[in-house]
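Engineer: Once you've had a glance at the structure underneath, I'll fire off some questions.
We did not get these values from a lab; they are worked out from the coordinates using the rules stated. The shown structure was predicted, so the numbers you read here are calculated from the model rather than taken from an experiment. Please note: Cβ atoms are built from the backbone with ideal geometry, for glycine as well, and neighbour counts cover all protein chains shown.
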Amino acid sequence: MARKLTPGRLVIASHNQGKVREIRELLAPFGIEPVSAGELNLPEPEETGTTFAANAEIKALASAQGAGLPALADDSGLCVDALGGDPGIYSARWAGPGKDFAVAMEKVTRALDEKNVAQADRTAHFVCALCLAWPDGHTEVFEGRVSGTLVWPMRGAHGFGYDPIFQPEGFDITFGEMEPAAKHAMSHRARAFAQLVAEVIDK
Ligand code: IMP
């Protein structure tokens, strides 16, 4: 059975204010008070893992041990089946130093075109690994995914990252065209969070 998270402070191992706000809203009803790694001046460790779970664990443990409090970290990305799972843990890096996701989406599409991958075989999934770590080194990891196909050209202005080319299974619109609340209800991140809440929070 998973170790339970008790009411009190929880470090969010992220310097991204948007992520911290989203997590704060999600956990507020359970008496958990998120504080960001940025507020505590905790350093950002290098993500040297080879899986989403390993990278989430590196970040969560660094914050938990640095702050002496439980900490939560996430790592996510897009895995394209015909590309052997790429860009995967390198999803952010494919956007280059300018963090331009139009460039990253073109790169993915070009790689599929070069391999002559048929539209029906352009399947992909987003993955989100969440790791909760305690200062004594204990960790709990939860993973959520959502499957779909990649389309071209890009469609929609909502969301971020690879959303404009990702059409989730059972839909004929991309995440970029979907209302944010609809995406948030079914995303890889929402699924990982639902597991975390179900397993580590006493209701
Ligand atoms: P990180 O987990 O913050 O390192 O983000 C990894 C990268 O994966 C992001 O920069 C996005 O490119 C991509 N990614 C993760 N989740 C999503 C999503 O929900 N939509 C689109 N792209 C995503």
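Engineer: Do you know the relative contact order of the chain, to the nearest whole percent, from alpha carbon pairs under 8 angstrom that are 6+ apart? Intermediate results must be reported in sequence, preceding the final value.
Structural biologist: Values: 397 pairs, mean separation 38.9, N = 203.
Relative contact order here is 19 percent.
Engineer: Starting from the Cα of ARG145, move 7 Å in the Cα-to-Cβ direction to define the label point; list residues of region 73-107 whose amide nitrogen is under 11 Å from there.
Structural biologist: So the set is 79-81, 85.
Engineer: Between ASP121 and GLU39, take the C-beta separation as r, use R0 = 30 Å, and let me know the FRET efficiency to the nearest 0.05. Show your work: numbers first, answer last.
Structural biologist: Numbers: r = 45 Å, r/R0 = 1.52.
It comes out at approximately 0.10.
Engineer: As a check on your grasp of the helix formula, calculate [θ] at 222 nm for the chain: sum -39500 (n - 2.57) over DSSP H runs of n ≥ 4, divide by the residue count, round to the nearest 500. Present the calculation step by step, with values, prior to reporting the outcome.
Structural biologist: Numbers: 5 runs with 61 residues, N = 203.
So the calculated ellipticity at 222 nm is -9500 deg cm²/dmol.
Engineer: Also, quick follow-up: Please compute the contact order of region 143-185 in relative form: average sequence separation of alpha-carbon pairs under 8 Å and at least six residues apart, divided by the residue count, as a percent.
Structural biologist: Numbers: 65 pairs, mean separation 14.8, N = 43.
About 35 percent, as a whole number.
Engineer: Continuing with this model, one more query. Suppose we keep just the DSSP beta bridges with both residues in the chain; what percent of those would be antiparallel, to 5?
Structural biologist: Values: 25 of 33 bridges.
Around 75 percent of the beta bridges assigned by DSSP in the chain are antiparallel ones.
Engineer: My understanding is that a pair violates if its Cα-Cα distance is over 18 Å; which of LYS4/LYS203; LYS59/LYS107; LYS59/LYS203 do that in this structure?
Structural biologist: LYS59/LYS107; LYS59/LYS203
Engineer: Place a +1 charge on the Cβ of each Lys and Arg in the chain and a -1 charge on the Cβ of each Asp and Glu, then give the dipole magnitude about the Cα centre in debye, rounded to the nearest 20.
Structural biologist: Using Cβ point charges on Lys, Arg, Asp and Glu, the chain gives about 220 debye.
Engineer: Can I ask one more? Which of the trypsin sites (Lys or Arg not before Pro) found in region 121-178 are loop residues per DSSP with 16 or fewer other Cβ atoms within 10 Å of their Cβ?
Structural biologist: Details: sites: ARG122, ARG145, ARG155; in loops: ARG122, ARG155.
Answer by residue number: ARG155.
Engineer: To the nearest 10 degrees, how steeply does helix 101-114 sit against the main Cα axis of the chain, on a 0 to 90 scale?
Structural biologist: Approximately 50 degrees, to the nearest 10.
Engineer: When you have a sec, figure out the Kirkwood radius of region 84-154 from all distinct Cα pair distances and drop it here in Å to one decimal? Don't jump to the answer; show the numbers that get you there.
Structural biologist: Working: mean 1/r = 0.0702 Å⁻¹.
Radius from the Kirkwood sum: 14.2 Å.
Engineer: Moving on. Tell me the Rg and the Dmax, in Å, that the Cα atoms of the chain produce.
Structural biologist: 17.4, 53
Engineer: DSSP loop (so not H, G, I, E, B), at most 12 other Cβ within 10 Å: list which GluC sites (Glu not before Pro) in region 111-184 pass both filters.
Structural biologist: Working: sites: GLU114, GLU140, GLU143, GLU169, GLU177; in loops: GLU169, GLU177.
When the GluC sites (Glu not before Pro) of region 111-184 are filtered for loop state and at most 12 Cβ neighbours within 10 Å, GLU169 remain.
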